[in-house]
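Everything below concerns the one structure shown next.
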Amino acid sequence: IKPYNFSRIKFENGVILNFKEVKYSKDYVWVRIRFGTGQRQIDPKFKAAVTLAPSLFVPGGLGKVSLDHLRNFNLNYQWGVGLIVDRESFALLGDTRRPSLDREMETMTAFLADPGFRDSANVRIPDLVDSLEQGLTDPTSKALLELSDMLGQGNWLGYPTKKELRATRMAD
């Protein structure tokens, strides 16, 4: 696709890979994988879980591998994985250096295929809820959230109450 200077690869299973090299990040690689229909496919009764999921995604490890084991497995590699839940899609985000790209792709694939959401990460929920609540009291954050909702970019599930957030568990 010439005007945007990237390559698009379409796989038989429907997955589309867009690849673009940028000059300002010589040895650094960012990976973005979009999939699903995001918030549209989630029952609104799970809005608290959806709010916490991105922050608990990596601490929950993998289904068969804990975060500690995953860190040991990737000890000599630079890797990073994150989750975004948008209105229209889910996205896995990764970042690494070129020499670690194969391991980054393996790690992201593992998170995509077998996320853990282990109960061991439940201990993080109270501090996470406090942090989210504190962030929402900031006038700038409040204004941005209201502006986002007004422009139609906000969370259509609505922001959960503190009680709903505190009652959420990794199993949710």
Query raised in the report: So what is the 222 nm mean residue ellipticity for the chain from helices alone, if each DSSP H run of at least 4 adds -39500 (n - 2.57) and you divide by all residues, rounding to the nearest 500 deg cm²/dmol?
Result: -10500 deg cm²/dmol
Report summary line: Helix 101-113: inclination vs the chain longest Cα principal axis, degrees, rounded to 10, gives 40 degrees
Report task. Keeping the other protein chains in place, figure out the carbon and sulfur percent of the accessible area of the chain, with a 1.4 Å probe. Result -> 54 percent
Report task. With springs only between Cα atoms under 10 Å apart, run a GNM on the chain and tell me which of PHE46, PHE19, PHE57 wobbles the most. Result -> PHE19
Query raised in the report: In the calculated pair distance distribution of the chain, what percentage of Cα-Cα distances lie above 25 Å?
Result: 43 percent
Requested in this report: Using the structure shown, list the pairs from LYS47/LYS142; LYS10/LYS47; LYS23/LYS142; LYS26/LYS64; LYS10/LYS64 with a Cα-Cα distance above 25 Å, or answer none.
Outcome: LYS10/LYS47; LYS23/LYS142; LYS26/LYS64; LYS10/LYS64
Query raised in the report: Where in region 33-61 does the amide nitrogen come within less than 14 Å of the point 7 Å from the Cα of LEU17, taken along Cα to Cβ?
Result: 33-34
Query - Accessible surface, the chain, averaged per residue in Å² (probe 1.4 Å) - result: 67 Å²
Requested in this report: Measure nothing but the geometry: give the 0 to 90° angle between the long axis through the Cα atoms of 139-150 and the longest principal axis through the Cα atoms of the chain, rounded to 10°.
Outcome: 80 degrees
Query raised in the report: Say the dipole of region 27-85 comes from +1 at the beta carbon of Lys and Arg and -1 at that of Asp and Glu; which of ALA48, ASN74, ILE84 then lies farthest toward its positive end?
Result: ALA48
Query raised in the report: Which value, in debye to the nearest 20, describes the size of the charge dipole of the chain about its Cα centre when Lys and Arg Cβ atoms bear +1, Asp and Glu Cβ atoms bear -1, and nothing else is charged?
Result: 400 debye
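The values are calculated or read from the model by the stated rules, or taken from the named source; none is laboratory data. Quick caveat, the model's predicted, so the values are computed rather than measured. Cβ sites come from the backbone with ideal geometry, for glycine too, and all protein chains shown count toward neighbours. To get the accessible areas, we keep the full protein, side chains included, count just its heavy atoms, and leave off ligands, DNA and RNA. Shrake-Rupley method; radii C 1.70, N 1.55, O 1.52, S 1.80 Å.
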